[in-house]
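To start, the structure under review is shown below, and the notes come after it.
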Amino acid sequence: MGAVNTLELAQELYDLVGELYPVRRSLTGPGVRRTLEIVARYVPLDVVEVPSGTQVLDWTVPDEWELREGWIATTDGVRVVDTSATSLRVLGYSVPVHAVLRRDELLDHVHVDPAAPEHIPYRTAYYDRTWGFCLTQRERAALSDDRYEVRVDADRGPGHLIYGEVVLPGTSEAEVLLSTHVCHPELANDNCSGIAVLALLGRRLAARDRRLTYRLLFLPGTIGALAWLHANRARAGRIAHGLVVAGVGDPGPLTYQRTVHGAHPVDRAAAMVVPARGGSLLDFSPWGYDERQFNAPGFRLPVGRLSRTPHGTYPEYHTSADDLSFVQPASLLDSLTALEEILSILEGDATYRNLAPYGEPQLGRRGLYAGIGGERDQAEVKLALLWVLNQSDGTRSLLDVAQRSGLPFAAVAHAARLLLDAGLLERVERPQR
Ligand code: ZN
């Protein structure tokens, strides 16, 4: 890919984050629908609807919520806080209210973030019947009148939970699950970055030859993943590899969190890609995004997570400071590139058997030492040829060979192609390990 294309792609990712950012999303409601409409311009998206009240695994799908506006005003009608600039102002899933309250009654419903006092916190109450407002510390301190008028104009009642699903079939039924959450309001890194990167990744995968089948999920967090798992319980075993993509636009380095297995092929592929791009690897923790659901003991799907700065560890997290200035085009592009490198390792990983295993086959006679690139390249390819021949006894995959030899996966995969073309390898479909 040329430098100009790379810059264009980084800008396209950033522009998409910019389009998604002002959409007023919640767990359900018109914001999620609008978000999925935007994503559907990039990938062939199916929208799945699950009615409120449906039992999904141990949970119940909540009512649908739509916020029209919310404000706090003085008794002579001056609005001190309102939703005109951001829906973060209203506690997510607030029930409607219109009342004049004493100051102390109002303060019971005011949320601030002591760790980020100058920003508006993001708070929700999906499973409580309450209402609230989110303020900066200074705004809360300035509420000095005896009484205020408050209004939350919202609907909360039976409707649907919706999520988006895309299937890009490959020649194999083995699937790669790629998932991101679509349930946060005007927060740029914590949700728009993942949505944008996954939408453009999907468009690029759709244009490629694929061995693996790709399933992309755009889900409201937790309940959306549970609803998908509930509906797909019988077929979840097809998921061969998975990645949750979330928080991939901030300026920090990449972070990959391993699956609960810890050494699954997706973990090993990420370990070849992420540190080489300046990132780090974390062990699995049951605290995070929807990898928690996919890795639960009833499913144990091998789903890792790609992020940049881990959730909850940056001061902008879940506040109004997670805005468009916090997300960088170069970070979005770096995240997309890392994902594509991980997926290309998973695509290319295979197990072979050496068809001339009695000593080394004579490579020169087969033209395998000639015409294979520049000088340095050539030494690497030679070494890769010898490693692949030595290790291909039908039990070790190319990922094993790359890991043991320390050679780049691409060099090992290239050597395997050359040996396959020369009739020295055969592919083993069901390796005995
Ligand atoms: Zn979040």
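Bear in mind that the values in this text are calculations on the coordinates, not laboratory data. Keep in mind it's a predicted model, so treat the numbers as computed, not measured. Cβ: placed from backbone, ideal geometry, glycine included. Neighbour counts: every protein chain shown.
Taking 7 Å steps out from each Cα toward its Cβ at Ser84 and Arg353 produces label points 7.5 nm apart.
Phi angles across the range 154-160 convert, under the Karplus curve 6.51 cos²θ - 1.76 cosθ + 1.60 with θ = phi - 60°, into 3J(HN,Hα) values of 8, 10, 9, x, x, x, 9 Hz, Gly and Pro given as x.
In this structure, the amide hydrogen of Ala154, modeled 1.01 Å from its nitrogen in the peptide plane, lies closer than 5 angstrom to those of Arg68, Val97, counting only residues at least 5 positions away or on a different chain. Across the range 408-417, computed HN-Hα scalar couplings (Karplus, 6.51 cos²θ - 1.76 cosθ + 1.60, θ = phi - 60°) run x, 4, 4, 5, 5, 5, 5, 4, 4, 4 Hz from first to last residue, x flagging Gly and Pro.
Annotation: amide H-H contacts under 5 Å for His111 (H modelled 1.01 Å from N, sequence separation of 5 or more, or interchain): Phe133, Cys134, Leu135. For Ala174 and Arg129, a Förster radius of 56 Å and the Cβ-Cβ distance give a FRET efficiency of 0.80, rounded to the nearest 0.05. How many angstrom separate the Cα center of the range 291-311 from the Cα center of the range 79-139? The two parts, judged by their Cα centres, are 31 Å apart.
Here's how it looks for Val56: its modeled amide H is under 5 Å from those of Val61, which are all 5 or more places away or on a different chain. Each residue of the range 273-282 was assigned a 3J(HN,Hα) from its phi angle through the Karplus curve 6.51 cos²θ - 1.76 cosθ + 1.60 (θ = phi - 60°); the sequence is 9, 5, x, 5, 9, x, x, 9, 10, 10 Hz, with glycine and proline shown as x.
Helix content alone sets the calculated 222 nm mean residue ellipticity of the chain: runs of n ≥ 4 DSSP H residues at -39500 (n - 2.57) each, divided across all residues, give -9000 deg cm²/dmol. Considering only Leu281, Phe326, Ser193, and ranking their Cα positions along the charge dipole of the chain that arises from unit charges at the beta-carbon of Lys, Arg, Asp and Glu, the one farthest toward the positive end is Leu281.
Largest GNM mean-square fluctuation among Leu418, Leu219, Leu254, using the chain with Cα springs under 10 Å: Leu418. Take the Cβ atoms of Asp15 and Ser344, set R0 to 25 Å, and the FRET efficiency comes out at 0.45. Annotation for the range 267-282 versus the range 152-184: alpha-carbon center distance of 27 Å.
Kirkwood hydrodynamic radius computed over the range 306-422 comes to 17.0 Å, based on all pairs of distinct alpha carbons.
When the Gaussian network model of the chain links Cα atoms closer than 10 Å, the mean-square fluctuations of Ala115, Ala330, Ala125 top out at Ala115.
Full extension of the chain segment joining Ala296 with Glu360 gains 18.4 nm, where the gain is 0.36 nm per residue of separation less the Cα-Cα distance. The stretch between Arg138 and Thr54, if pulled fully straight at 0.36 nm per residue, gains 26.0 nm over its current Cα-Cα span. Placing unit charges on each Cβ (+1 for Lys and Arg, -1 for Asp and Glu) gives the chain a dipole about its Cα centre, and among Thr313, Ala413, Leu177 the Cα reaching farthest toward its positive end belongs to Ala413.
When the dipole is taken about the Cα centre of the chain, and only Lys, Arg (+1) and Asp, Glu (-1) are charged at their Cβ, what size is it in debye, to the nearest 20? Here the chain has a charge dipole of around 1500 debye. Roughly what angle does helix 3-20 make with the longest principal axis of the chain, taking Cα atoms, 0 to 90 degrees, to the nearest 10? Its long axis makes an angle of about 30 degrees. Counting only Cα atoms, the chain measures 94, 43, 35 Å along its principal axes, largest extent leading. With each label modelled as a point 7 angstrom along the Cα→C-beta vector, the Asp393-Glu37 pair spans 6.1 nm. For the pair the range 224-241 / the range 3-65, the C-alpha centres are spaced 19 Å from each other.
The simple spin-label model puts a point 7 Å past each Cα toward its Cβ; for Val167 and Arg404 those points are separated by 3.7 nm. In this calculation the C-beta distance from Leu281 to Glu429 is compared with R0 = 30 Å, giving a FRET efficiency of 0.50.
Quantify how much of the Cα-Cα distance distribution of the range 255-333 extends past 18 Å, in percent. For the range 255-333, the fraction of Cα-Cα distances above 18 Å is 47 percent.
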